[in-house]
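Enquirer: Take a look at this one; I'll ask things after.
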Amino acid sequence: MQSVLPAVGGDQKKILIGQASVHEAAAEAAAVQGDVEAAARLILRALDCERRAGSLGPQVLQLIKPRG
């Protein structure tokens, strides 16, 4: 039986980067076939995955202590 708990930390980041790669490859294939609209949608999905992967982990603002 597989766990239903969401992946955490590095696992989730790897999953998102993998999904981004899949979307990028599909976008390239769609562009080669001339389906520009589908390619654009897939590129946006890939960028969203990369953005979400980049936001995982500790945030810089949480690590900086205010002066004063």
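Enquirer: Does any residue in the stretch 41-59 that is surrounded by 13 or more Cβ atoms within 10 Å (Cβ to Cβ) come within less than 7 Å, Cβ to Cβ, of a residue that is of a type in the set (S, T, N, Q) and modelled with pLDDT of 95 or more six or more places away or on a different chain, and which pairs are these?
Expert: Taking only residues 6 or more apart or on different chains, the pairs are Cys49/Gln19.
Enquirer: Looking at the chain, what helices (runs of 4 or more DSSP H) fall wholly within it and have at least 1 residues that are of a type outside the set (D, E, K, R) and modelled with pLDDT of 95 or more?
Expert: Helices (runs of 4 or more DSSP H) meeting the threshold: 10-32, 36-54.
The values are calculated or read from the model by the stated rules, or taken from the named source; none is laboratory data. Treat the numbers as computed from the prediction; the structure is a model and nothing was measured. For neighbour counting, all protein chains shown are included, and Cβ atoms are generated from backbone atoms with ideal geometry for every residue, glycine included.
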